[in-house]
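Below you'll find the structure, written out as structure tokens, and then a few comments.
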Amino acid sequence: MVGMTKEDMHLYLQATPTIEAQHPMVLAFAERHLAGAEGDVDRAVKQFDAVRDGIRYDPYKIDVSVDGLKASTTLANGYGWCVSKAILLAACLRGIGIPARLGFADVRNHLSTARMRELMQTDLFCWHGYTSIFLDGRWVKATPAFNIELCRKFNLLPLEFDGRSDSLYHSFDQEGKRHMEYVHQRGEFDDVPIEAILKTFYEVYPVVRLQDEDADFERDVEQET
């Protein structure tokens, strides 16, 4: 735990307004996916798999508010985007006693949909979220955003997490085409920096319309792939 005090680590076990580590829905979800787990690494992997595949990825419905980012909201909706899914994973981990924090980076996404490109007018995704987990004395990164069904439609191998190595977006898809490129690290936080995220969104995206209730991300992917 080099460079970390007990007080620092305590932060990464606490509930916050969005990382609802003690919310009954979160605790019930986490407990359902602990069967047969042995040790913290195995427990963390099971939580990752549950959030990755149990919550559908949908970047068409982004709500950058406390209520919109709450772990319980993501569970109730059954879908989320990279940040809200990372928050849910962090909440589940903290709820079962495993330190977790939120990590952010700007990524260049070479696989998107026409609707996403029209809304964002760029392939740069700012403040892409992942979860950083303290296991066996070190921090490892886990990205639970893309559920396995969506990966298959995008011709991507699903991101696996073994609890020992970083699990970040693939640079290339299964055909060798460019997929994700990390261009700027934003850092890791004990809670979601909502104001900083919104400030960047308003600066970078000329059309700040982050929700499209009539859109269906998976349908768009199927049509384009």
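The values are calculated or read from the model by the stated rules, or taken from the named source; none is laboratory data. No experiment lies behind these values; they were computed from the predicted model shown. Please note: Cβ atoms are built from the backbone with ideal geometry, for glycine as well, and neighbour counts cover all protein chains shown.
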Legend entry - Criterion (farther than 18 Å from Gln22 by Cα, acidic (Asp, Glu) and not in a loop (DSSP other than H, G, I, E, B)) met by exactly one of Asp63, Asp106, Asp67: Asp106
Legend entry - Any pair with Cβ under 6 angstrom, 6 or more apart, that starts in region 126-146 at a residue that is closer than 16 Å to Ile19 by Cβ and hydrophobic (A, V, I, L, M, F, W, C) and ends at one that is part of a strand (DSSP E or B) and at pLDDT below 90: Ala142/Ser167
Inset, instruction - Go over the candidates Arg52, Arg94 one by one and state the one that is part of a helix (DSSP H, G or I) and within 13 Å of Thr143 (Cβ to Cβ). - result: Arg52
Legend entry - Conditions (1) of a type outside the set (Phe, Trp, Tyr); (2) in contact with a Pro (Cβ under 8 Å, 6 or more places away or on another chain); (3) buried (at least 19 other Cβ atoms within 10 Å of the Cβ); number of the one not met by Ala91: (2)
Legend entry - Residues of region 58-74 that turn out to be buried (at least 19 other Cβ atoms within 10 Å of the Cβ) and either without any contact (Cβ under 8 Å) to a residue 12 or more places away in the chain or within 25 Å of Gly39 (Cβ to Cβ) (or both), as a count: 2
Inset, instruction - Restricting attention to region 32-57, report how many residues are closer than 14 Å to Ile98 by Cα and touching a residue at least 24 places away in the same chain (Cβ under 8 Å). - result: 9
